[in-house]
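Scroll down for the structure; my scribbles are underneath it.
The values are calculated or read from the model by the stated rules, or taken from the named source; none is laboratory data. Keep in mind that this is a model prediction, so the values were computed, not measured. So basically every Cβ, Gly included, is an ideal-geometry build from the backbone, and we count neighbours across all protein chains shown.
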Amino acid sequence: MGKTNGHKVYNFTVIFEKEEDGGYHVYCPALKGCHSQGDSYDEALENIKDAIDLYLASLKAHKQSVPMEDVLIKPLQVVAR
């Protein structure tokens, strides 16, 4: 976490999943329930940024702390039987 122009800066991992009918579903595992979507990667990215901003504003309004990210992403190979 850093500061820019007096505002705190947080770094979060977001995960993009391609939708079968096109577009993307994107979510932030550290912020439970923080999901968004978009017709393109860029749109989904902007939408999740907005969703995270609103999520953080809600935490602040309710005097709750911002969760620390505790996410580990690891590719895993599994042999199907």
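Restricting the first member to segment 64-77 and to residues that are surrounded by 10 or more Cβ atoms within 10 Å (Cβ to Cβ), and the second to residues that are β-branched (Val, Ile, Thr), the beta-carbon pairs closer than 6 Å and six or more apart or on different chains are VAL71/THR13. Within segment 29-58, the set of residues being touching a Ser or Thr at 6+ places or on another chain (Cβ under 7 Å) and either under 15 Å from LYS18 (Cα atoms) or not small (Gly, Ala, Ser) (or both) comprises PRO29, ALA44, ASN47, ILE48.
Of the listed requirements (1) closer than 16 Å to MET68 by Cα; (2) surrounded by fewer than 15 Cβ atoms within 10 Å (Cβ to Cβ); (3) not charged (D, E, K, R), TYR55 misses just one: (2).
From the list VAL26, VAL71, VAL79, the one residue that fits, being touching a Pro at 6+ places or on another chain (Cβ under 6 Å) and not acidic (Asp, Glu), is VAL71. Does TYR10 fit the bill of being surrounded by 12 or more Cβ atoms within 10 Å (Cβ to Cβ), modelled with pLDDT under 95 and of a type outside the set (A, V, I, L, M)? Spelling it out, TYR10 is indeed surrounded by 12 or more Cβ atoms within 10 Å (Cβ to Cβ), modelled with pLDDT under 95 and of a type outside the set (A, V, I, L, M).
Condition check for SER36 on (1) out of contact with any strand residue (DSSP E or B) (no Cβ under 8 Å at 6 or more places or on another chain); (2) surrounded by 15 or more Cβ atoms within 10 Å (Cβ to Cβ): one failure, at (1).
Answer yes if at least one residue in segment 27-41 is aromatic (Phe, Trp, Tyr), within 15 Å of GLU69 (Cβ to Cβ) and modelled with pLDDT of 95 or more, and no otherwise. Yes, segment 27-41 contains at least one residue that is aromatic (Phe, Trp, Tyr), within 15 Å of GLU69 (Cβ to Cβ) and modelled with pLDDT of 95 or more.
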